[in-house]
Amino acid sequence: MARVAPLTPRPRRPNQEGLPEGSLPPQGGKGRGAQSNVTGRYEKLAVQQVDDGWTHDEEDLPPLVTHVTIETPRKIVTFNKSPYVGFDRSINPYRGCEHGCIYCFARPTHAYMGLSPGLDFESRLFAKPTAPKLLEKELADPKYRPRVIAMGTNTDPYQPIERKFVIMRGVLGVFSRFNHPVTILTKSALITRDVDLLSSLAERNLTRTMVSITTQDRALARSMEPRASTPPKRFEAIRKLTEAGVVTGIMTGPMIPGLNDSEMEGILEKAASLGATFAAHTILRLPLEVSPLFQEWLAAYAPDRAKRVMDHIRTMNGGRDYDPHWSRGGEIKTPYAQLITQRFRAAGARLGFHRDRTPLDLSRFRVPDEVSGQLSLL
């Protein structure tokens, strides 16, 4: 259940369990990924969880409720110059993500809001209902030059609260009216709700979608990405999208050495059988607060494999938990990372995933007459 709250500054607050100001919940609870609510790196005071002998069983705790704050940004298209991503602009209709994926590299962004990258990231969310209107205004700007806009790059645009806010459907409607290309990455079967709009965009070569699947192990998926659609539902989403004529790919990531990387070929094969025509993969990265949160989860879920998994990760990052120059640079420096990449390329070639793709069509972009006419009167 999501509660909508007004936008108010909240540097630190009582948590949902009703503990005193600044306290941390003893554990994440059912349906949540993070085990704790680590203090954000910009906070003046850090709170550390300590077992004082009065801990409660998880069943005794009330459920951790999702709270949603309405955000009214001035702009919705975000531009970047990162050498590590293949796009220069993106849209995120939400901050935070209720899917609760423990490995999510976007968790540290919640610290900018005075919130924790832990449980706050998946339960204290921000929605931007004005996104469609803002997008229309920005695309209609005479100085705007079209390039592909990526969605699903920081948080999932089809996370559970999208059922209530329906922001994505409005955004896709704007893209359709302006003939503007868009790509979407999601872990949610909710994307099939908008198959009519996506199919129309696809007919004009204006969209590609990609479904992210990390594992076919239901228990692992439930623990690692607790509120994302189940793996079978994500596979079914691939089938529905491709049958509707939407070019759809499979993202096998993140691959976690010693935990789910052995599943990569099986995931790729099943996605191909359902119509996926391109693929990508990533290897786990643990920036900033993600590392302690992931290690806390890993010790609880797979204590017998925790040390081996982290040893692999640190080897891939030059001895650190995360170093982008090692793990994201152009040269793959370590044997295990090279092996995963070689396996991915071999499977992709066998399954036909490496075929050349026609770029999305930028030439169709135009500002609708009813929009340009309205703007000319202002």
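FYI, it's all coordinate maths here, none of it is from the lab. Because the structure is predicted, anything quoted here is derived from the model rather than measured. Positions of Cβ are generated from backbone atoms using ideal geometry, with glycine treated the same way; all protein chains shown enter the neighbour counts.
Regarding the stretch 299-357, what's the average projected area of the Cα-atom convex hull, expressed in nm²?
Over every viewing direction, the Cα hull of the stretch 299-357 projects on average to 5.7 nm².
Once you keep just the Cα pairs under 8 angstrom separated by 6 or more residues, what percentage relative contact order results for the stretch 189-263?
Answer for the stretch 189-263 is 44 percent.
How big is the dipole moment of the chain about its Cα centre under a simple scheme where the beta carbon of each Lys and Arg is +1, that of each Asp and Glu is -1, and everything else is neutral? Debye, nearest 20, please.
Values: 52 positive and 41 negative charges, 244 e Å.
Approximately 1180 debye in magnitude.
Name all residues of the stretch 195-218 having a backbone nitrogen under 20 Å from the label point set 7 Å from the Cα of S273 along its Cα→Cβ direction, giving them as ranges.
Only 211-218 fall inside the zone, counting backbone N under 20 Å.
Starting from the amide H of M255, placed 1.01 Å from N in the peptide plane, find each other amide H under 5 Å away whose residue is 5 or more places distant or on another chain.
For M255, whose amide H was placed from the backbone, the distant partners under 5 Å are T282, I283, L284.
Among M210, V247, V166, whose Cα projects farthest towards the positive end of the dipole of the stretch 162-303, with charges put on the beta-carbon of Lys, Arg (+1) and Asp, Glu (-1)?
V166
Which of the trypsin sites (Lys or Arg not before Pro) across the stretch 173-241 are loop residues per DSSP, with 16 or fewer other Cβ within 10 Å?
R204
Take every Cα pair under 8 Å in the chain that's 6+ residues apart, average their separations, divide by the length, and report that relative contact order as a whole percent. Could the numbers behind the result be given before it?
On the way: 685 pairs, mean separation 59.6, N = 378.
Over the chain, the number comes to 16 percent.
Taking the Cα centre of the stretch 277-378 as the origin, how large is its charge dipole in debye, to the nearest 20, when only Lys and Arg (+1) and Asp and Glu (-1) carry charge on their Cβ atoms?
Numbers: 15 positive and 11 negative charges, 114 e Å.
Using only the charged Cβ atoms, the result is roughly 540 debye.
Taking 0.36 nm per intervening residue step and subtracting the Cα-Cα distance, what contour gain separates A346 from Y301 on full extension? Walk me through the numbers before you get to the answer.
Values: separation 45, 0.36 × 45 = 16.20 nm, distance 3.09 nm.
Computed gain between A346 and Y301 is 13.1 nm.
Could you give the radius of gyration (one decimal) and Dmax (whole number) of the Cα atoms in the chain, in Å?
Radius of gyration, then largest Cα-Cα span, for the chain: 21.2, 69 Å.
Students often forget the sequence filter, so: which lysines lie under 30 Å Cα-Cα from K81 once same-chain residues fewer than 8 apart are removed?
Leaving aside lysines fewer than 8 places away in the same chain, those within reach of K81 are K128, K133, K137, K143, K187, K333.
Using θ = phi - 60° and the Karplus curve 6.51 cos²θ - 1.76 cosθ + 1.60, what whole-Hz ³J(HN,Hα) does each residue of the stretch 126-142 get, with Gly and Pro shown as x?
10, 10, 10, x, 7, 3, x, 5, 5, 4, 4, 5, 6, 5, 7, 4, x
Multiply the residue separation of K75 and S372 by 0.36 nm, subtract the distance between their alpha-carbon atoms, and state the gained length in nm to one decimal. Walk me through the intermediate numbers first.
Values: separation 297, 0.36 × 297 = 106.92 nm, distance 1.88 nm.
Between K75 and S372, full extension yields an extra 105.0 nm.
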